[in-house]
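To start, the structure under review is shown below, and the notes come after it.
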Ligand SMILES: *Cc1c(COP(=O)(O)O)cnc(C)c1O
């Protein structure tokens, strides 16, 4: 078994164990493999082990990999999630090549994604990125503005609003990790109580996925625990 296949198995076992402890059905938690900085070979290895949903942060890098993978393994049906910051002049290729976007934080970006989504594709699945820790430097919509943005996005014809995403400040202790995830879940429940049809809480990475699952994550975005440490110098 390859290292990536072994790591994937370990992550799935970890998800199942935490889910059971939290009295949740493990099948309600999806694993998104974050493949940024890793090449097509690593993605193929993961795909051969059954993983077909991948998250990417950098548009050009992602498009290059998608093209390489289409040639190398045309029969694998990948699901691509864009999870990085979005520049407004880069929305068209995102709308054309991805199935999900987790990092929508402004109405203007959502508007462009909806207008640019090709008619032959299903609606683009959207999560709103929320600045749950409230720092001025952080990306994401402020929690108090999330309802307005959610209503606007839910009304856009070629988007399907699925839920919320957050990247909290790193914290060591489990209680400190759980607090922002709980705040995101409460906001998610408030939006649902307002009639928004949401089913996705995208939260938790390699270092804090246990806390995120305990607080209700439905997608965990995991890179390092599957592919190893990233080398940005490459
Ligand atoms: C890189 C990244 C991840 C994965 O982080 P790991 O710590 O490697 O698991 C998840 N979400 C986002 C938005 C990222 O940029």
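Bear in mind that the values in this text are calculations on the coordinates, not laboratory data. All values reported here derive from a predicted model rather than from experimental measurement. We place every Cβ from the backbone using ideal geometry, glycine too, and count neighbours over all the protein chains shown.
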For this session: Identify the single condition in (1) more than 14 Å from the ligand (Cβ to nearest atom); (2) out of contact with any helix residue (DSSP H, G or I) (no Cβ under 7 Å at 6 or more places or on another chain); (3) in contact (Cβ under 8 Å) with a residue 24 or more places away in the chain that residue 193 does not satisfy, given that it satisfies every other one.
Result: (3)
For this session: Go through region 141-151 and give me each residue that's in contact with a helix residue (DSSP H, G or I) (Cβ under 9 Å, 6 or more places away or on another chain) and over 13 Å from residue 197 (Cα atoms).
Result: 141, 143, 146, 148, 149
Exercise. Looking at region 152-161, is at least one residue in a helix (DSSP H, G or I), surrounded by 20 or more Cβ atoms within 10 Å (Cβ to Cβ) and within 11 Å of the ligand (Cβ to nearest atom)?
Worked result: no
Exercise. Somewhere in region 17-25, is a residue in contact with a strand residue (DSSP E or B) (Cβ under 9 Å, 6 or more places away or on another chain), more than 13 Å from the ligand (Cβ to nearest atom) and not in a helix (DSSP H, G or I)?
Worked result: no
Problem set entry | Listing of helices (runs of 4 or more DSSP H) fully contained in region 55-123 that carry 3 or more residues being touching a residue at least 12 places away in the same chain (Cβ under 8 Å) and within 27 Å of residue 145 (Cα to Cα) | 91-97, 107-116
Exercise. Is it the case that residue 184 is assigned to a helix (DSSP H, G or I), in contact (Cβ under 8 Å) with a residue 12 or more places away in the chain, touching a strand residue (DSSP E or B) at 6+ places or on another chain (Cβ under 7 Å) and within 15 Å of the ligand (Cβ to nearest atom)?
Worked result: yes
